[in-house]
Each structure stands twice: as C-alpha cells, then as structure tokens.
Protein chains: 2
Amino acid sequence: MEMVLTLRQTVEDHITQLTTRPQQQDGQAIREQEALLGRLLFQIVSFLPAVAQSFQPPCTSTDSRGDVGGGQPVQTSRQTGQMFYQESDFENTVISYDLSNRGIDISALYHLSFRDYNTYQGNKYHKDKNTLGYINLGTSENKLCTDLLAERLSQSDMTYIDEDLLQYTDWRGQPFLRKEVARFLTFYCKTPEFLDPENVVILNGCPAVFSALAMVLCDPGEAFLVPTPSYGGFAFSTHLYSKVKLIPVHLESQVTEANGYPFQLTVDKLEQALLGAKIEGKKVRGLVLINPQNPLGDVYSQDSMMEYLEFAKKYNLHVIVDEMYMLSVFDEAITFHSVLSMKSLPDPNKTHVIWGTSKDFCISGFRFGALYTHNREVASAMSSFGYLHSISGIAQYKLHQLLQDREWIDNIYLPSYHFRLQEAHRYVTRKLKALKVPFLNRGSGLYVWINLKQYLDPCTFEEELLLHRRFLDHKLILSPGKTFMCKEPGWFRLIFAARPHLLRIAMRRFQQGLVEHKQERRVKQLEDATKEEVSTSQPETPASPALRKS
Amino acid sequence: MEMVLTLRQTVEDHITQLTTRPQQQDGQAIREQEALLGRLLFQIVSFLPAVAQSFQPPCTSTDSRGDVGGGQPVQTSRQTGQMFYQESDFENTVISYDLSNRGIDISALYHLSFRDYNTYQGNKYHKDKNTLGYINLGTSENKLCTDLLAERLSQSDMTYIDEDLLQYTDWRGQPFLRKEVARFLTFYCKTPEFLDPENVVILNGCPAVFSALAMVLCDPGEAFLVPTPSYGGFAFSTHLYSKVKLIPVHLESQVTEANGYPFQLTVDKLEQALLGAKIEGKKVRGLVLINPQNPLGDVYSQDSMMEYLEFAKKYNLHVIVDEMYMLSVFDEAITFHSVLSMKSLPDPNKTHVIWGTSKDFCISGFRFGALYTHNREVASAMSSFGYLHSISGIAQYKLHQLLQDREWIDNIYLPSYHFRLQEAHRYVTRKLKALKVPFLNRGSGLYVWINLKQYLDPCTFEEELLLHRRFLDHKLILSPGKTFMCKEPGWFRLIFAARPHLLRIAMRRFQQGLVEHKQERRVKQLEDATKEEVSTSQPETPASPALRKS
C-alpha cells in the first residue's frame, strides 16, 4: 500500500505538470510527459489484479519468450527473474517509423529465435554440393523416413483432385479428414469409445492449434503452467498473437526422492508453481503437458498422468496434452498411454489433446495439426480460427489417404521408422558415452537431453551460450537448455532423427567443438592465472602513469 | 484538460479509499473498488494517445466486426453508432465456464457471421442429389473455372514430390515460389522494374496476410480507414487476433458532383473520416483500398489512386491495396492499373499490396495469399507469422507450377475465364433489368452490387435482414449490405461466378423471393391499414373491460 501512495503522489505530480504546462510547450516534451504518466499507469495496473486482466501491457515488457528449435537463447518468462541474460536483450534497440511497437517486438524476437535456423536454411550441408554447410540437430525435425513418405505420397491414390478440394470448406477441416483423424486416434490412442469427428478441429500445424487454444481458453495476460524444460514453440506461438503467459514449473536434474528420476514432474511442484503464480496475482487457466515429453523423452505412466489431471481438476484448470510424439516411442519396453485412452478422465471437458503428423510421420512441411477435445464448446470456438489457419484441400486429401492406410503404416512404415530411431539413438548414445557426456537415456522422441555442464566454467547461461556458439563455429546447430526454459545451465537437446551419414559427420563436429572448447577454456584459465600472478607480483598500489613515466 | 482534472480528483478519491479502507473489508468490495479504479484508468488512457497504443481494452467492448460473405448481419464498428442493430447483439448472452471472454466473443461472432455459410456447407444444392439444397451467391467464391483448374492441377508436372517439400522451409514461403510470385506480379502488374522475391511474403490466404499486417503495422486499438461498402473479411480477420479497428469511410449511392458516380471515393471523404477519427482520439495508422473494389466492382483510375496515395502520404498513413481481383476485369474497355505499376509511388515504404489465387484462379481451397511490399522491414516482420500461417510444401509446389505456366494462363485460362465472366454477368444483369432491380453495372469482380431498397418498407437494416431471410427461405444466400458496413440499407451483393445451370436456378429463387416478399408486405400493409381503420372506428377512450362487461 505504501507503493500505491507513492504512485498516487507521482501520478498527481505528472497530471499537474500536464495540465498546467504552458501552451507553447513543444510536442516532444508533451509526449515525454504522457509516456511517463503511461508507465505510471502500468505500475498502478500491476497492483490491481482484477483490472490487470483486462489490460495488455506492451509485449516487450511482460511476455513469455522461448526459442523454437535450434535458435539462440532469448528471453524467457521475465517473471522468473533468474533466467534472463539481460533485462533488455533487444528492446529499445530497434527504431522503426513503419512498424507498430508489437511489430518491432515480434520481429526482433523472431530474428533472435530463428537466427540459426535461417542461417541453416541459407547454407545447408549437402554431401556433394555443400560439405561445409550447417548440420541442424537443433530443430526437432524428423528426417529418418522422408524417403518412405515421399514414396508413399507419390503413389497414384494420392493425386486425385476434385472441384470440392479446390473450394472453401468447413473451417474446422474437411469432414472426410476429421472423420479419418477420429478413426486414427481411436485406434492408435486405444480409446475406450469411438472418437467423434465433431470434436476434431484441424488447423495448419500444432503451433496454430496451440495459438487458437490459447485464445479461446485465456484472456490476455492469463497463464498456463508449463513444466520445464519444455518445447519452445509454445512460447513463440503465444507471443505472436495470444499474449498468454507461460509460467514455468521448474524441474530439477537432481533426484531427491527414492524411486525418483531426473527432471521428475510431481504434483508438489505443480502446486508450488501455482501458489507462486497466485501470490504474484497471475490468473492461471491451464496446464500444458507434453507426452512423450520434449526435450526430456519421458513417457508418463498412467498413474502419474492421473495425478496431474486430478491436480488440474482440483484447481479448475484446463489441461492441454501435446502428444506429438505418440508414435515415436522406439523402446519396446515402454508403453505410451494416450490421455484419450483413460476410461474416466477427471475432467473430460477441460482435457484437450493435440496431435499432428510433423514428427511421427516426418512431414513437418505439410503443416497439419489436430485438436481433439470432449468439449464441444471449445471445438466450436476453435472453428473460427480455421479462417486464418486452414490447410490446402489437396493436402487434406493426401493426409486422409495417408492416415487411412493402416496396412502401410503398421506393416511398412512404423517398423522401419522405429528401427531407424533405435539405430540412430544407439549410434548417438554410444558416441556420447565414449565422450563421457551424461544424458537422459529414454526410449521416445527424436532427441536426447544431454548434460554439458562440465564444459561450462563458471556454470552460467552465458557460458552455455558460448558453448552453443562453439558448435556453430563447427557448423553444427544444437538447442541450448535455456531455449527450453531449463533452470540449470549446461543442458542441450540433440536431435538424432537424421540419416546415418549426416549423423556421423554431425557427431564428429560435436566432438571437435567440445575438444576445442575445452582446450580454449584451459588456455584462457592459464592466461587468467598468469595475469593474476603478474598482478600479485606488482605493487599493491600501482604508481600513476605520470609517476611511472618520471 | 478540464476532464483530466476531474479524473485526477476521482482517481485520488479512489486511491484514498483503497489505501485507507479497513483491513476487514470484504473481498467483493475491494474488487469493486479496483474495478472502478480500473475503468478510470481506461478513461485516462484514452486521453494519452502515446500511451493508449500500448493498452488493449477488452475485446467485447471496442472491436470492429463484420460479416464474411453470405452471413447474417452482425455488429460492425461500434464506433459508428448508427449501423448496429443493438448495442449487445450477442455479448453477455453466452455463459461459459470453459472459454475465455474473448473466446466467447469470437465464438459468438463466428457463429453469427458464418451461420448461413455453415448451413450451406451442410446442405448444398446438387443437381442430382439435393435439388432442394442451398445455393450460395453470398460468399465470394469463384466457381466458373474450377473444371479448368482441376484439369490443370491434375497434369503430370504437378505431382512431383521431393523430400524438401515435406520439411520445414523458409517461413516467408518456399524461395522458388516467392521468386515465381515476384515474376508473376512483375508481368501481370506491369511493374516498371523487376519485383524482388525478398519483398514477397507468402501465407495461407489473404485473410492471414491481412491479420499479420495488422499486427506489424498497428498496436491494439489503432485503426485503419476503410472505404465502405467493403469486404467483410478484413473485419473478421482483425477481430480474431489483432484487435485493430476498421473505421469506415462511408460512401454514398447518391451522385453529388458532375462526372461523379455512385459510391465514389474522394479525398474529401477520406479527410472527413480521418478528422472524425482524430476527434474521437483514435490513432489511424493506415488506409485499406480494394482495387478492383469488392463489392462495388469499381476499378480505380491511375489519377484517383494517385490522389488516395498522396492523401495517405500527407497524413503519414500506410496504404494496403488489396488487388485480389486484378485478373477478374472482364470488360475489355476497362484497364486495371496495379499500384505496383506506378512509376513513382508517393510513399513506397508505406505501400503494401495483397494478392492471391482464390478469386482470380478459382482455388479458394488452396489457401494462398501473398504480400508484396517495398518495405524490407515490414516483409521481415511479417516472416514471423509464417510460423502460424504457412502453406503445405506440396501446395506451394503446385502453385509455382501453375503461376509459371504463362502459356496456359494467357492462351487457355484467361480467355475462357473472362468469357465465362462476361456471359454470367450478362445473364444476371439482364435478369436484374427485367426485374427492374437497379444495380451498379461494372466490368470487374465476381459480383454485382444491387439495390433492393424498393422492397424495404421502412428502409431500415431490420427490413434488409427480413429480406435476406426471405431469400434464405427460398434456399438462396446473398450478402446484405450491412455485412459490408454499407451506410444505406437495401443493398446486396450478388455473386454471379457460378455455372449457368446453377445461376438460372438461383435467379429463379431470387425472383420468387422478391415476389413473395412484395406480396407479403402488401398483405401486411393491408392488414395494418384495416387495423387502423378498426381502431379509429372505436371510441377514443375505450371503456375498461369491467365497465364493458356490465
């Protein structure tokens, strides 16, 4: 309350200045006064939770941010304080007379987030044409079976075109495709009942589904809890349009409980994060879970998932379960349980599942994402966004043909895909072991979560960034932990869903990067130690240059 | 300034109440105080243009709304006051425990806007299977040459798939397609210099391009001027995400100047609208022009366009020129001049052109929209939105193949297309003349703008809605003028880009609707007159029932 009183005084002073200023005062001074008063208003607003919800402060100051695969670390959730490189990594550095404030902000974030990705796009490794190009093990893109997909999608049953496919359709997606998606998920998610096509919404990619969900479930400034480390694409999606905050539920590498495992998600942690958010006056509307988890590779047990869902129900939260990697579980000892397979969901009306073909079917360029929700109201509200996020009719047809071909999927595609995942995982993890790099040995996803703390000295995010840049010098892109809102510096995600030849070269570059980094750190330490020696051998109070000169 | 002083006093009183209130005061009272203070803050903010840009008021109270082709009239630009059916057509009517406020709002607007469209999708006319289904002459969809397109897109050069097409790509669109779009526009827009592929941004449909442009050019609550009647899709696009206001520049059917024409756009009207907006404290960032105009069919002369651009430059406004129908000029006496053909644009850095294949190439289901801007900063900021609005790689490939086939376009497609447009236009306008329905006789676009005022009595938007419903009773969808923010009731847009057979049945239904409407209005008038007669023949002060009984 003391602060409110101080604010009152300051607001009063400024309003007085605004109202009593001489009429001839120049425009610049007036704008400065107004801007100052504006900032004060923001401060008042932050004291009024009920009001704050209706306001959207400029996105440069409060939004969640994250990297989207293979990018350079950028600001993430400023609320958490500890995770930023600097308060103003890029804001105020761009002056534009043509863009809006949010345009400047979005553009700056994009170019930071996608800098490496864009460099890669412009200078890709090619075994014949460009052997010095970049290899991208940063972006979660599945290149293991693109050959099989290119072959399947070229078959004659795919080329059909009718006039209906060329026209506007249902904004939720073509009815034939929604029907097929419902059938597909019924089968592969082992649902207790047939899923209903009316509960399916199809948009152009899962980020679009997440963006639209954030709009229909949250008002600006409201928040989702997200266990971290977590996929950075959510943060980028919500930053573009919906201005929904992502509040990290920080998981830790250290195992503290018996039968526990690193980065374990517990209800206790969820409750702590929720309490923290409430204390800070944030309105939490939901919980985002990724299963199989990205970047950890964890597959949640049914019991664990039930606990998370019960937690959400208790606090009246939506749960968005991203099951993007559900067919990418390659360890035969692990069984994936879709949330759609549960016989009795604690709160079916608030449980929403996202799935797409980008990862499981190696066709990220298709731009297909689907929502399944038992909540007809949510499905209905999501339809509106088909107006801005729908997919080409011809692509919808091909997706239908692909998903309905169970024989090909079960007998040809999935066996090959899982075999190749196993091989690539085996190759990469063997290399990591040889290099004495600790990692989480999981059996799902396209990635391993590796620990390179030993290469950071001190163990900070600044050092993590330097190591990341070292790999870039060796034309290798990895994703540093900070882009996943990881609390601990030194972790990286390494994508192994690449062809053997590429993976071999990538791992060679990885090793070279590590060796070079270690050597240079050692040289630097030696230099520092020498400097220190020199400085301690100097007189404690050095003479001024003038004196020395004399 | 007087109001600022009053506000200061009120803010002070409330802050005092907040800070001095007894600690035991209940939560409800506190929230009420906070909400009150919040509302006051909004009022202060509206006095501070510089600050107001950064705030986004709740979308239920201030957003532009519009219908998107074939829908029922809904609220449009509340600021204009005169155009609404009611202040609260749908807000507060939906109670949801699962959706956000904006989710409820968006959902309600969608279902109102697309009610007819969705009904049509579920019950389409078919010459064999469903002769009683709806015919949609409301949505601007081009069905004249889908046969030619289906044929061309089925040819062998279209089916190529390589692995790159299945992967992530440049978020601005595949480089090969951006290059082709630059070439295509260079040729068909007759540009003085080769257009640069780096200035092209490709997203999934023109509404997506408009949505992203609104984000990067405007902050929430800022506005574009839009001469009306105007395409309703812009309003729907901006309502979903960007919360940019569309301020109508109302054009009038009456011709007031020598050499003038109905609904003529003049700089004088633009200046009036801009002044009006400034008086109301709105920050106008740009002007949206559609050329050829939708729904009027006007093609702007080079001189007129130059005047609009000079106006924009004078007031430092962006100009977005939507040239969606540039190849749909079917009157050979008319020459379309793209804004890209101008040798010296008044402000090239603030001139942005939108084009897509939905209308000119009858493939609305492809979801392709392109931006061309000389402003590299705008192009760059737009790239971010490729993350949420990109097109399937395989569809991008087909679009490339289509656009590069100049021989087919010039020798087969365009001659057939223009011939069919002429035929359909001739058929529909003859029918309209026979029915004595006035209309704008233009030579571009897929539509005629028709005047049905004679069927409204009184001439109100309520009556316009009743006439619209009359057509629906006859399973015919037209778009009423209100969905284009037209100021005068009684105008409708009729799409004629349908095959002859369908058009014949549609015009029969149109005629039946008009005849029935006229008859019923006459019957009603007679009934009203009879009632009046009866009531005037009664005693002026009727006796109370009790008295009469006795």
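Condition check ((1) under 17 Å from residue B:484 (Cα atoms); (2) not hydrophobic (A, V, I, L, M, F, W, C)) across all residues:
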position	(1), (2)
B:203	no, no
B:208	no, no
B:211	no, yes
B:218	no, no
B:225	yes, no
B:228	yes, yes
B:237	yes, yes
B:240	no, no
B:251	yes, no
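Residues that are within 16 Å of residue A:342 (Cα to Cα) and either touching a Cys at 6+ places or on another chain (Cβ under 9 Å) or among the hydroxyl-bearing types (Ser, Thr, Tyr) (or both) within the range A:164-203 comprise A:186, A:188, A:191, A:195, listed in sequence order.
Looking only at residues of the range B:363-389 that are hydroxyl-bearing (Ser, Thr, Tyr) and under 22 Å from the mean Cα position of the chain (by Cα), we find that the one that is nearest to residue A:395 (Cα to Cα) is B:364. Residue A:387 meets all of the listed conditions (1) within 7 Å of chain B (Cβ to nearest Cβ); (2) crowded, with 23+ Cβ neighbours inside 10 Å but one, namely (2).
Within the range B:430-465, the set of residues being within 22 Å of the chain's Cα centre (by Cα), touching a residue at least 40 places away in the same chain (Cβ under 8 Å) and surrounded by fewer than 15 Cβ atoms within 10 Å (Cβ to Cβ) comprises B:462 only. Of all residues in the range B:148-158, none satisfies the criterion of being of a type in the set (Asp, Glu) and within 7 Å of chain A (Cβ to nearest Cβ).
Selection over the range A:293-330 of residues that are within 16 Å of residue A:342 (Cα to Cα) and in contact (Cβ under 8 Å) with a residue 60 or more places away in the chain gives a count of 5. Here A:417, A:372 are screened, and the one residue that is over 19 Å from residue A:444 (Cβ atoms) and either more than 9 Å from chain B (Cβ to nearest Cβ) or crowded, with 23+ Cβ neighbours inside 10 Å (or both) is A:372. Residues in the range A:449-476 that are closer than 20 Å to residue A:431 by Cβ and in contact with a Pro (Cβ under 6 Å, 6 or more places away or on another chain): A:449, A:451, A:468. Restricting B:352, B:337 to residues that are assigned to a strand (DSSP E or B) and within 25 Å of residue B:208 (Cα to Cα) narrows the list to B:352. Inside the range A:120-158, residues that are surrounded by fewer than 19 Cβ atoms within 10 Å (Cβ to Cβ) and of a type in the set (Val, Ile, Thr) make up a count of 1. In the range B:159-188, the residue that is nearest to the chain's Cα centre (by Cα) out of those that are open to solvent by less than 50 Å² (accessible area, probe 1.4 Å), more than 7 Å from chain A (Cβ to nearest Cβ) and among the hydroxyl-bearing types (Ser, Thr, Tyr) is B:188. Considering only residues in the range B:104-115 that are open to solvent by less than 10 Å² (accessible area, probe 1.4 Å) and more than 8 Å from chain A (Cβ to nearest Cβ), the one that is farthest from residue B:471 (Cα to Cα) turns out to be B:105.
The values are calculated or read from the model by the stated rules, or taken from the named source; none is laboratory data. Since the model is a prediction, treat every value here as computed from it, not as a measurement. For neighbour counting, all protein chains shown are included, and Cβ atoms are generated from backbone atoms with ideal geometry for every residue, glycine included. SASA here: full protein model, heavy atoms, side chains in, ligands and nucleic acids out. Shrake-Rupley method; radii C 1.70, N 1.55, O 1.52, S 1.80 Å.
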